[in-house]
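Here's the structure we're looking at; comments come further down.
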Amino acid sequence: MLYGALFLYEDEHGKVQNTLEEWWIRLREKQTELLARHTVFMREVARLEKRVFDRLFGERLISLRAIGVSQSYSLASTGLAVILAYAVAAHYRPAL
């Protein structure tokens, strides 16, 4: 950019600078628009997750329901890990 500016006439330099400024302004507007869309999307995702977790665990942070659901998921994931470990071990054959 600097190298090109050395060989441009004054009016050409102004045109290049004006074009770059317009491009920068359009880019900034698009960035603001996309950021606003992203913010709205993430807020809606957070609201949906809150409703799902409130329905699953209950609205109180610590309750018998939340403890029961947490224990059930822990037991299920442990069982799945054991089943997968046995399945991998059954098909494992060391190279000789």
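Applying the criterion of at least 2 residues that are at pLDDT 90 or above and under 35 Å from the mean Cα position of the chain (by Cα) to the helices (runs of 4 or more DSSP H) found wholly in the chain leaves 10-57, 64-91.
Leu64 passes all but one of (1) in contact with a helix residue (DSSP H, G or I) (Cβ under 9 Å, 6 or more places away or on another chain); (2) loosely packed, with under 10 Cβ neighbours inside 10 Å; which number fails? The one condition Leu64 does not meet is (1).
The values are calculated or read from the model by the stated rules, or taken from the named source; none is laboratory data. This is a predicted model, so every value here is computed, not measured. All Cβ positions, glycine included, derive from the backbone under ideal geometry; neighbour counts span all protein chains shown.
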